[in-house]
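Asks: Below are the structure tokens for one structure; questions will follow.
The values are calculated or read from the model by the stated rules, or taken from the named source; none is laboratory data. Please read these numbers as outputs of a predicted model, since none were measured by experiment. Neighbour counts are summed over all protein chains in view; Cβ atoms, including those assigned to glycine, are modelled from backbone coordinates with ideal geometry.
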């Protein structure tokens, strides 16, 4: 077995045969540190209950309100975050609403503020906080940093999404469907610009918020919905304008083409 040191210039000895083994505490590449063992008591029945101060992700507890956390890396100001929608009545061509098979993630970052990182969305986020109905499911004050980088930026179809697998058409769902859909839209926009002798769009977010008219506003639904658990106590409703469930809306390709044609 090899033997050496972790210092530069160390030696390594190779043995022809192994005559024994020896266990040492610690860890090395491919093996974690030894687990800390403790006792676990299993009860055959519950004879009472005790309330403990604290909080969970769906209800307040103790003296402090629940704290909501957005997903990462969507909450990075250098990422374009995409929410998910479905057609009202699950009928293609109907008005879009926030997904309700699962909650389309969104919220406010405690790591990045709108200033100086995401000033391009400040006015729209401030408007949301003015027009959103107060009370449930809106989380109570202190549950989220209202001046934090807010997500999502846009949305696209993410429930009842049709794909072909093994020559069969299947319906799937998730922001893992809406996000690549929007990425494909951006790819087509860049292709259009390159074909016309212009540079690709580059960092996208300021352009999006400057061209909200190129998006279809989604005003129905909420993201106060768990994954497979149905409605939860807290979340954000879709409203007129930007909101933390559907962003500034779903892309209108023809309007986006017109918007990028106006750019140098």
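Asks: Hey, could you check the range 213-227 for residues that are within 17 Å of the chain's Cα centre (by Cα) and more than 17 Å from residue 132 (Cα to Cα) and say which is surrounded by the fewest Cβ atoms within 10 Å (Cβ to Cβ)?
Replies: Checked the range 213-227; the qualifying residue surrounded by the fewest Cβ atoms within 10 Å (Cβ to Cβ) is 227.
Asks: Which of (1) under 21 Å from residue 85 (Cα atoms); (2) modelled with pLDDT of 95 or more does residue 149 not meet, given it meets every other one?
Replies: Answer for residue 149: the failing condition is (1).
Asks: If you go through the range 230-258, how many residues are over 18 Å from the mean Cα position of the chain (by Cα), buried (at least 17 other Cβ atoms within 10 Å of the Cβ) and not in a loop (DSSP other than H, G, I, E, B)?
Replies: The number of residues fulfilling the criteria is 2.
Asks: Pick from 224, 259, 245: which is modelled with pLDDT of 95 or more and out of contact with any helix residue (DSSP H, G or I) (no Cβ under 9 Å at 6 or more places or on another chain)?
Replies: 245
Asks: Select from the range 216-260 the residues that are at positive phi and out of contact with any strand residue (DSSP E or B) (no Cβ under 7 Å at 6 or more places or on another chain) and list them in ascending order.
Replies: 228, 230, 241
Asks: Which numbered condition in (1) in contact (Cβ under 8 Å) with a residue 40 or more places away in the chain; (2) surrounded by 15 or more Cβ atoms within 10 Å (Cβ to Cβ); (3) within 30 Å of residue 229 (Cα to Cα) is the only one that residue 112 fails?
Replies: For residue 112, the failing item is (1).
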